[in-house]
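The values are calculated or read from the model by the stated rules, or taken from the named source; none is laboratory data. The structure presented is a predicted model; accordingly, all values stated were derived computationally and were not measured. Neighbour counts are summed over all protein chains in view; Cβ atoms, including those assigned to glycine, are modelled from backbone coordinates with ideal geometry. Heavy atoms of the whole protein, side chains included, go into the accessibility calculation; ligands, DNA and RNA do not. Shrake-Rupley method; radii C 1.70, N 1.55, O 1.52, S 1.80 Å.
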Amino acid sequence: MTIDEIIDFLEDFGGVLATRPGPDDGSPEISWGDVFFFYSPDGVVPKTAQPFATIVTKNYPGDESSRLERPDTFRVSIAAGKEAFIDRTGHAPGEPAAEDDPSVTDAVIAHPVYGSVGWLAVVNPGKRTGEATRELLRTACQLARARHERRHGA
């Protein structure tokens with residue numbers, strides 16, 4: 001899967017807003033080139049909601065373990081909910097577990113920083129994890145849509 005394939009997949013769902021920070025939008029330089037996905041049927045970045053998924057193309061301070069400095073390496077981070085997290089990792093968010101290697105590619109793992117709050121991560125999703133990544137992204141989008149509808153009325 002490529003970054004563009006992931007963006008296209010998510011944008012096919014109604015109400016998904018993909019933001020790509022860049023030099024002309026006032027966003028911090030560290031975020032330039034990354035992609036943040038929100039459920040926002042009005043096309044405006046929500047002020048009170050976090051993205052339901054991200055694509056990160058570089059290491060952030062304190063988040064270097066995925067080794068995103070490698071050429072053509074990116075990480076998809078997904079808030080697919082507690083049930084999906086348990087299904088994929090075998091433990092609840094925040095529970096002690098064997099540590100995964102966050103730099104391994106094409107594997108669904110607990111996010112190296114946000115796994116404690118239920119986020120999953122995939123570095124360079126490929127043949128082994130392409131379908132799982134799409135399924136998790138679909139679930140994360142559905143959860144974000146449900147939260148939006150609860151907050152704003154269906």
(message) What pairs come out if I take residues in region 126-140 that are part of a helix (DSSP H, G or I) and pair them with residues that are modelled with pLDDT under 95 and surrounded by fewer than 17 Cβ atoms within 10 Å (Cβ to Cβ) whose C-beta lies under 8 Å away, six or more apart or interchain?
(response) Arg138/Phe13
(request) Restricting attention to region 71-104, report how many residues are out of contact with any Asp or Glu (no Cβ under 9 Å at 6 or more places or on another chain), open to solvent by less than 40 Å² (accessible area, probe 1.4 Å) and of a type in the set (Gly, Ala, Ser). (result) 5
(request) Inspect region 104-114 for any residue being at positive phi, part of a loop (DSSP other than H, G, I, E, B) and free of Cβ contacts under 8 Å to residues at least 12 places away in the same chain and give the result as yes or no. (result) no
(request) From Arg134, Arg138, Arg128, grab the single residue that is surrounded by fewer than 19 Cβ atoms within 10 Å (Cβ to Cβ), in contact with an Asp or Glu (Cβ under 6 Å, 6 or more places away or on another chain) and modelled with pLDDT of 95 or more. (result) Arg128
(message) Given the criterion on the phi < 0 side of the Ramachandran plot, open to solvent by less than 40 Å² (accessible area, probe 1.4 Å) and either in contact (Cβ under 8 Å) with a residue 24 or more places away in the chain or in a helix (DSSP H, G or I) (or both), identify the matching residue among Phe13, Phe38.
(response) Phe38
